[in-house]
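Heads up: the structure comes next, in structure tokens.
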Amino acid sequence: MQYVNKESEIQRSQSIRIQMNRTETNDVNGSSCVKRIKLSQDVPDQESLYATLRKVEEWLQPFRLPKEKLREVSARLRKDLIRGLGKHTHHRAPVKMLPTFVRATPDGTEKGDFLALDLGGTNFRVLHVRVVEEQQKMVKMDSKICAIPQEIMLGPGEQLFDHIAACLSEFLESLGLKGHTLPLGFTFSFPCEQIDIDKCILIRWTKGFNCSGVEGEDVVKLCPVCHSVLPMAIHRRGDYDISSVAMLNDTVGTMMTCGYRDKSCEIGMIIGTGTNACYMEEMKNVKRVEGEDGRMCINTEWGGFGDDGSLKDILTEFDVEVDRSSLNPGVHTFEKMISGMYLGEIVRLILVKLAQEKMLFGGEVSEALLTPDKFETRYISEIEDDATGLARAQDILSELELPAGPEDCAVVHLVCSTISTRSAELTAAALATVVNRIRNNRGLNHLCTTVGVDGTVYKKHPKFSHRLHDTVHILAPKCDISFLLSEDGSGKGAAMVTAVAQRLAMQSRLLEESEGEDEDEEDEDNEEEDN
Ligand code: BGC
């Protein structure tokens, strides 16, 4: 890896040019660490820099997880998946393993026009999607984004759903679609207990949402007289109608859009603001839903892993602090070690501590560095970029009013890569658990499968995906995993889930009709025989 720092003021003025060769190798425990750091030219006192980096590296050890520890983490999650699926163990299980009532992935015959809603971050989106059977593709016809201001994210639920309904109304108006009845897929990316494809009860808000009066409520019901929140918001406006609703999680949307392109895609994974995965589980293991045949997609909600204290041995004081100061202390422990909403904050807390311990910024901290959430997660991706990372670090640190020299930039880089590596490796441990489970479920020696993936951390970080792939390969050696990047799984996936639900409903209607005809024919035959 090479870092060439060209732009930054301070380096120009001091005519310092850093070229670092850093190799990440495995230490005896198998965890990734900095083995060799070589600086070329002009850096004042290279020896002192090496010494500082070695000291910081040692200090960061609690964040380095040897492969053996990752295997242990994976084994704990395996037990939690089983607890989450069990009829009698589910209610206490931290990993909820929620049935989604999605029983099939696309078969390519789906078609039609759909409306899709997507809520899961600071924006709400509404889309008009056309699924074209002949060309096997999904076309996003139009879409509209509405920001969700913080006061709405934290206000009454009714206000949130009114905001959504108003956005939808404007969208339909602008397209001249008012009065048309289109099936609706709603990607609602929070943990929900689904009772059917069109009934889902919000278990809890995550990712900075905390609207009152929604937790424990059914988010959607088609019947206007029932007490759900969204349809009432839609019907309150009274100017448009919707023929059917499918509710889904963003992981499911991701799996379904990727499944349309690759039939072996049976896992959906998100590593963005939050993290989660879904996969196709054998019905006989889904103890809370009747029926033994076939498969159903399970939304694992793996973000909740560790909420019962099972990850205590790997939590650092910084993880504990991030949790304590979050909107939802005590919940989504795993998510808080992994996802974009929290990584920047973990790094910020570490930088403050390193400065206080005189290993950084000459022992100084700025007002900005002491402000929660000031160190954004995207900075980690930028700083870890091989070509421009160190220059960018310099700029970011001066934006944060920190007196940073080249040595500080190298230390900050080391902190960022440690935290993002831990995130990638923990995600790999969780994914390995899921693929190993699918392989065991099917009694296979070897599993070939595809994971549909979305999320800014996975897509934007320059090294995250490689680290994840390498580690999952080690932890699940009998599985060949392909990773397929989802293109707008949350939006188009909503249309796809609705389309598949409609296809299945149509198929079972046709089956019932033909069974009815068979019965009629049998009755007629019996009558003829009687005569
Ligand atoms: C939510 C999941 C969601 C994930 C990714 C988590 O906070 O609980 O439902 O899939 O974020 O968006």
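In whole Hz, with x marking every Gly and Pro, tabulate ³J(HN,Hα) for region 205-211 from phi via Karplus 6.51 cos²θ - 1.76 cosθ + 1.60, θ = phi - 60°.
So the Karplus estimates, Gly and Pro as x, are 6, 9, 6, x, 8, 7, 6 Hz.
If you add up the charges near residue 374, with Lys and Arg at +1 and Asp and Glu at -1, over every other residue whose beta carbon is less than 14 angstrom from its beta carbon, what do you get? Don't jump to the answer; show the numbers that get you there.
Working: positive: 348, 378; negative: 345, 367, 373, 376, 399, 401.
Charge balance in the 14 Å sphere: -4.
Report, by chain and number, residues whose modeled amide H sits under 5 Å from the one on residue 281, excluding near sequence neighbours (fewer than 5 apart, same chain).
Under 5 Å from the amide H of residue 281 lie the amide H atoms of 296, 297, 298, each far enough along the sequence or on another chain.
Can you list residues from other chains, or at least 5 along the same chain, whose modelled amide H is less than 5 Å from the amide H of residue 246?
Sorted by chain and number, the residues that satisfy this are 184, 185, 186.
Can you tell me the relative contact order of region 346-483? Whole percent, Cα pairs under 8 Å, sequence separation 6 or more.
On the way: 156 pairs, mean separation 31.9, N = 138.
Relative contact order, region 346-483: 23 percent.
For residue 402, what is the net charge nearby, where nearby means another residue's Cβ is under 12 Å from its Cβ and Lys, Arg count +1, Asp, Glu -1?
On the way: positive: 348, 374; negative: 364, 367, 395, 399, 401, 408.
That works out to -4.
Where Rh denotes the Kirkwood radius from the mean inverse Cα pair distance, what is Rg over Rh for region 381-440? Each step should come with its number before you reach the end.
Values: Rg = 16.5 Å, Rh = 13.2 Å.
Rounded to two decimals, Rg/Rh equals 1.25.
So which of 287/478; 96/492; 69/312; 353/463 end up more than 20 Å apart by C-alpha? Please list the in-between numbers first.
Working: 287/478 27 Å; 96/492 25 Å; 69/312 13 Å; 353/463 26 Å.
Violating the 20 Å Cα-Cα cut-off are 287/478; 96/492; 353/463.
For the pair residue 158 and residue 137, what calculated FRET efficiency results from E = 1/(1 + (r/R0)^6), where r is the Cβ-Cβ distance and R0 = 35 Å, to the nearest 0.05?
Numbers: r = 38 Å, r/R0 = 1.09.
Computed FRET efficiency for residue 137 and residue 158 comes out at 0.40.
How large is ³J(HN,Hα), in whole Hz, for each residue of region 178-188 in order, when computed from phi with the Karplus curve 6.51 cos²θ - 1.76 cosθ + 1.60 and θ = phi - 60°, using x for Gly and Pro?
5, x, 7, 10, 10, x, 10, x, 10, 7, 10
Based on Cβ point charges of +1 for Lys and Arg and -1 for Asp and Glu, what charge dipole magnitude is obtained for region 358-444 about its Cα centre, in debye rounded to the nearest 20? All intermediate terms of the calculation are to be shown ahead of the outcome.
Details: 8 positive and 14 negative charges, 188 e Å.
Approximately 900 debye in magnitude.
Points 7 angstrom from Cα along the Cβ direction at residue 87 and residue 514: gap in nanometres?
Placing both labels 7 Å along Cα→Cβ, they lie 3.3 nm apart.
Residue by residue, what Karplus-based ³J(HN,Hα) values in Hz, rounded to whole numbers, does region 317-329 have, using 6.51, -1.76 and 1.60 with θ = phi - 60° and x for Gly and Pro?
Taking θ as phi minus 60°, the curve returns 4, 6, 5, 5, 5, 4, 5, 4, 8, 7, 6, 10, x Hz for region 317-329.
List the residues, sorted by chain then number, that are 5 or more residues from residue 141 or on another chain and whose placed amide H is less than 5 Å from its amide H.
Under 5 Å from the amide H of residue 141: 128, 129, 130.
What number, in percent, do you get for the relative contact order of region 357-421 if the mean sequence gap of Cα pairs under 8 Å and at least 6 apart is divided by its residue count?
Working: 55 pairs, mean separation 24.0, N = 65.
Relative contact order comes out at 37 percent.
Listed highest first by mean packing, meaning other Cβ atoms within 10 Å per residue, what order do 294-300, 150-156, 282-288 come in?
Details: 294-300: 23.0, 150-156: 14.4, 282-288: 16.3.
Peptide ranking by packing, descending: 294-300, 282-288, 150-156.
Using a Förster radius of 56 Å, what is the FRET efficiency between residue 178 and residue 324 based on their Cβ-Cβ separation? Nearest 0.05, please.
Numbers: r = 48 Å, r/R0 = 0.85.
For R0 = 56 Å, the calculated efficiency reads 0.70.
If you average the C-alpha positions of region 350-376 and of region 249-307 separately, how far apart do those two centres end up, in angstrom?
First find each Cα centre; the distance between them is then 40 Å.
Read-outs throughout are calculated quantities, based only on the coordinates presented, and are distinct from any laboratory measurement. Because the structure is a prediction, the values reported are computed rather than measured. Note that each Cβ is placed from the backbone with ideal geometry, even for glycine, and that neighbours are counted across all protein chains shown.
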